[in-house]
Structures are given as structure tokens and as C-alpha cells.
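The values are calculated or read from the model by the stated rules, or taken from the named source; none is laboratory data. Values in this document were obtained by computation on a predicted structure and should not be read as measured data. Cβ placement follows ideal geometry from the backbone for every residue including glycine, while neighbour counts extend to all protein chains displayed.
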Ligand SMILES: Cc1cc2nc3c(=O)[nH]c(=O)nc-3n(C[C@H](O)[C@H](O)[C@H](O)COP(=O)(O)OP(=O)(O)OC[C@H]3O[C@@H](n4cnc5c(N)ncnc54)[C@H](O)[C@@H]3O)c2cc1C
């Protein structure tokens, strides 16, 4: 849609260009930015041509994804040897309710910075201990787990003028065995529950609940929890919410069912 309050549009080519004037906002894929009025915005700074490498394979086995990497490109990521978690990239990308146009334009960083509960890139990064690398307006950087960056349905701890530069995935998480479940009330509806599980080589288990709770819920165990423990932890988690896409009690109950399915799948995968 036309943003009738916007009078300026410029492309960022380097970090200095990311200094935002009052009223300016970052635009990446623009799929949300151009989907509704932005009455407090009078200028847009486009990061699509800034030249960040979309995907960087790190020497330590980790992975860096640029914030402006299109979700479609991430879904087609080339796996490295030992990356048992690789299927999760496409599974989470497909959890985004999206037309072909949105899928190819929407970016990993835009999805995380918009921070909707149903943000599929939040599901992915939470599942794999992803960390947000943030450029601050004073020239310094900071890193924060995405599970802590996102604080609610549409809220996060990004400060004014901060720009998400990249998401970093550690090698140990990429080598983990993963499981994934998703449900939406309508066939083409936004996700009502997205649940992920990861079993690391050292036995650590990480269960992520997104879309069902307003902020990401992460449960960590030094070894596989039994059925009762996991069900109790999932059922007593905070933040299950009601909206037109699902009632809180349905989200909670579905998460408890998925938790056991994921537990059984991970146990089966290594036995
Ligand atoms: C039909 C439709 C369906 C949708 N379905 C879903 C869905 O299922 N789940 C969901 O989560 N969203 C959904 N969305 C919302 C949106 O399209 C997605 O969240 C998308 O991933 C946003 O990415 P983008 O690159 O287009 O972000 P943009 O629209 O460019 O930006 C989104 C926000 O993030 C900020 N931003 C972007 N990049 C950065 C950065 N690097 N640093 C700091 N701030 C940044 C922008 O200033 C803006 O506030 C949907 C939208 C539409 C129109």
C-alpha cells in the first residue's frame, strides 16, 4: 500500500547510512512495512542493497545469517557435514503464512524485528540457540539470544536506532537432532502453535514453544526429561494467549500433545 506520510526513501550502503533521522525507519523486505499505514514514519532506509553476505559458514562450524537474507534463501540453505538440524530451516520457513511474493521478499531479520508470536524465524532461532548481533547507533555492537530479544507479541528489546545485523547459530546446535510440529486452525492460517525440540550430542535437550505463547518459551534439560516432567513444564509455561487464531487453552493443550510427540521422536532418533 502507499505510505502517504513517507516523503524520503534512501538505500543504505554502509554502517554510516544506518544512522536514522527522527521519523526514519529501517525497511528490509517491506512485506509488513507496506502492509499497513505507518503514520509515525516519514522516511525509510532500505537495507536490501547494503551488501552483507546472506550466508556465512563459520570456521568453527557455526553459521551467520545476515538480517536482510530473504527467508526463501534461508530455506534453500546448503547443509554442511554433520548438520542434523538442517531440516529445521525449511520447516520453520514454511511455518510462515505467506504468498510466493511475501516468501521471496520477507527477510530473516524483518521477521524477527517485527516479533510477532507467529514469527517463524523466531521459532527457528530459538530452536537453535540463535543469537542476534545488533549494531547500536553509537558505533558499538551487542549480542543477545533471540529468545531474550523478543518479549511479547510484537515487542522486543531493540532500542531506537539499533539495527539487527545478523543471526549467529552455534555449531553444537546445528549438529543437534531436531523435531518440529506446527498447527494452524485454518489451512492457510497463521500458526497457532509451533514447537521444536533439539537433542544435542552431549545429551542436552532444548524444547522451544512459539506462536502458542506471546513470547518464546525455551525449556532446557541436561538429559531427556520423562513424559510427566515435560508435560508438566509445557503445561505450566506462562504466556499462552487467546486471539482469533486460537484459544489459550487449545494452545496449551496442543503444546502438551506436541511435547510428547517430539520427545518420542527424539528418543527414537538416537536409539
Ligand atoms: C499476508 C501476510 C501474512 C503474514 N504472515 C505472517 C506470519 O505468519 N508470521 C509473521 O511473523 N509475520 C507475518 N507477516 C508479517 C511480515 O510479512 C513478516 O513478519 C515478514 O517476515 C517481515 O519481514 P520483512 O523483511 O518484510 O520486514 P519489513 O516489513 O521490512 O520490516 C518489519 C519491521 O522490522 C523492522 N526491521 C526490518 N529489518 C530490520 C533490521 N535489520 N534491524 C532493525 N529493524 C528491522 C522494520 O523497521 C519494521 O518495523 C505477514 C504479512 C502479510 C502481509
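Data for the structure
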{"quantity": "Strands (runs of 3 or more DSSP E) enclosed by the range 37-123 - at least 1 residues per element that are near the ligand (Cβ under 8 Å from one of its atoms) and under 21 Å from residue 181 (Cβ atoms)", "calculated": "none"}
{"quantity": "Filter result (under 20 Å from residue 165 (Cα atoms) and either crowded, with 18+ Cβ neighbours inside 10 Å or within 26 Å of the chain's Cα centre (by Cα) (or both)) within the range 1-22", "calculated": "11, 12, 13, 14, 15, 17, 18, 19, 20"}
{"quantity": "Test: residue in the range 150-157 that is within 15 Å of the ligand (Cβ to nearest atom), at pLDDT below 95, buried (at least 17 other Cβ atoms within 10 Å of the Cβ) and part of a loop (DSSP other than H, G, I, E, B)", "calculated": "no"}
{"quantity": "Qualifying residue in the range 23-36 (condition: exposed (fewer than 13 other Cβ atoms within 10 Å of the Cβ), assigned to a loop (DSSP other than H, G, I, E, B), within 13 Å of the ligand (Cβ to nearest atom) and without any contact (Cβ under 8 Å) to a residue 60 or more places away in the chain)", "calculated": "yes"}
{"quantity": "Residue within the range 135-144 that is more than 19 Å from residue 217 (Cβ to Cβ), touching a residue at least 60 places away in the same chain (Cβ under 8 Å) and within 11 Å of the ligand (Cβ to nearest atom) present", "calculated": "yes"}
{"quantity": "Qualifying residue in the range 126-133 (condition: in a helix (DSSP H, G or I), more than 9 Å from the ligand (Cβ to nearest atom), farther than 30 Å from residue 260 by Cβ and outside the structural domain of residue 256 (by TED's automatic domain parsing))", "calculated": "no"}
{"quantity": "Residues being buried (at least 22 other Cβ atoms within 10 Å of the Cβ), within 16 Å of the ligand (Cβ to nearest atom) and part of a loop (DSSP other than H, G, I, E, B) - total across the range 159-213", "calculated": "4"}
{"quantity": "Flag if residue 64 is surrounded by fewer than 22 Cβ atoms within 10 Å (Cβ to Cβ), within 23 Å of residue 143 (Cα to Cα) and in contact (Cβ under 8 Å) with a residue 12 or more places away in the chain", "calculated": "yes"}
